[in-house]
Amino acid sequence: MSANQIFNNSMTIPEERFELLSAYIDGEVTDAEEQLVEQWLSDDVDFRRLYQQQLKLRQLLIELPVPVAANSSVKAETELVINRVIAEIDKRSQRRKWKLAGIGISVAAVVGIFGSMFTFNSSPQFSPVANSIKKAAPVAEEPVIIAMEEPLVPLPKSMNTK
């Protein structure tokens, strides 16, 4: 079975033929589909009329003028609205920055207050300065003994024999 026979059997619905014609005009068909559409164009007068209508419609859409703002006040008005929106966004971001800075300062103050409650307590057991300095234990004074002829500690016998 050839490609033309497959397309002829399956393309009996007008919507499918129209979709294939549209793809043909846009250059989006395979070689087999292109041959089929060209066969329909040569055989079917109604299909050829539809093809001419579609080509004319496509050309008119291409040539359709694009609306341009003829009045410069519209352009200026648009720029003014854009500038206002940008200014409002900047204001809101500045407000957000100030709010965050205020929250940060408040948190630092609260931490400072609670921290100072523990460091400036009148009780010496909580004071880090009082805990780090310890008083030295009193030392009893002893006379200095210098051993010149006899050792203070008895030496083992192996050392005495020498």
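Quick notes on this one:
- Formal net charge of residues neighbouring Asn83 (Cβ-Cβ distance under 12 Å; K, R +1; D, E -1): -3
- Radius 15 Å from Cβ of Asp44, net charge of other residues (Lys, Arg +1; Asp, Glu -1): -1
- Here the accessible area of the stretch 31-116 is 62 percent carbon and sulfur, with a 1.4 angstrom probe and all protein chains present.
The values are calculated or read from the model by the stated rules, or taken from the named source; none is laboratory data. These numbers were taken from a predicted model, which means no experiment stands behind them. Neighbour counts run over all protein chains shown; Cβ positions are idealised from the backbone, glycine included. Only protein heavy atoms, including side chains, enter the accessible area calculation; ligands, DNA and RNA are left aside. Shrake-Rupley method; radii C 1.70, N 1.55, O 1.52, S 1.80 Å.
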